[in-house]
Amino acid sequence: MEHTYKLLCDGFISPEFMRNSHSPWVMGVEHPRTIRLEGMTLRLHDNQPDLPVGVQVQVWLDRYFLCETVEYIEAKAAACAERAAARQAHEDSVRRSATSTYFEPTQALIAGNPTVAALREKLDALYVALEGEERLYHQFWRALDPQNKQKSNDALSVARVINDSIRALSDYVFGQLATQGIKGISSHAVSPHEGARSGLFDPGKDHFKLLTPVAYGKFKRSKGDALCKPYVKFFCLQDNEVHRAVTCCACLDRMLRLLNP
Ligand SMILES: [Zn+2]
């Protein structure tokens, strides 16, 4: 029966119970209104329905003594596992769909020796898509309705895939610049406002810090500067020990401008 029964202990808590109070008690019901447990007789509260005689119940102490049929407990666990599996399947499908919409086309573009214009167009489209997902995320992230809350979670998953796509494109350009002799190292700025397009999914950004000076038309930067601004204008710019893709929008924009067509 799908019910959580409240039970009363009329007498003292038995020493046997105190000794074994950590164990879950499972027992067969012999009487519709009472349960014998570790030397105690637990009685159902008057407002509780009768216990089903002959079935197994689990008893535990949580302010009151409570019990549920083992069948009910197992059914709840199965329903919970089913919900978890459905949630996982949904998340997988959202991620798969975002991967085929954003990540795979980005990889295909990179693999095909793209023009600067094509790279820029792709990057702009990714930024627009990212903004859309961020809007959705903000719109629903406080939602109480599970379906709306799910929209927020989905937006976050999609945004992660879009960010991965931007990183893939960024790393491609990073590598191409190195072949042109424009060498850099990715450097992290700790402030969430340093060149950040949004601090929501990735607080702080990774910048392109020059290992060699660059002069291109009016654009000049010294060794140690980031492409987006000179080193002195940063509150803190720390080289990444392990390479991370440049995610600063201004640096990425400049990287594309420096890229030979
Ligand atoms: Zn930057």
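Rule-based calculations on the coordinates, nothing more; no lab input. Note that the structure is predicted; figures quoted are calculated from it, not measured. As a convention, Cβ positions derive from the backbone with ideal geometry for all residues, glycine included, and neighbour counts pool all protein chains shown.
Some observations on this one:
- Here the condition is being among the charged types (D, E, K, R), in a helix (DSSP H, G or I) and more than 30 Å from R160 (Cα to Cα); of E71, E82, E104, it holds for E71 alone.
- Residues being more than 10 Å from the ligand (Cβ to nearest atom) and either within 13 Å of L123 (Cα to Cα) or crowded, with 18+ Cβ neighbours inside 10 Å (or both) - total across region 240-256: 2
- Here A89 meets each of (1) assigned to a loop (DSSP other than H, G, I, E, B); (2) more than 20 Å from M1 (Cα to Cα) with one exception, condition (1).
- Count of residues meeting criterion [more than 13 Å from the ligand (Cβ to nearest atom) and more than 23 Å from T115 (Cβ to Cβ)] in region 211-234: 10
- Selection within region 101-125 - surrounded by 15 or more Cβ atoms within 10 Å (Cβ to Cβ), closer than 19 Å to L177 by Cβ and of a type in the set (A, V, I, L, M): L109, I110, V116, L119, L123
- Elements of type strands (runs of 3 or more DSSP E) contained in region 7-64, each with 2 or more residues being within 23 Å of A77 (Cβ to Cβ): 25-28, 34-37, 56-62
- Residues that are among the basic types (K, R) and more than 45 Å from the chain's Cα centre (by Cα) within region 1-59 comprise R33, R36, R43, listed in sequence order.
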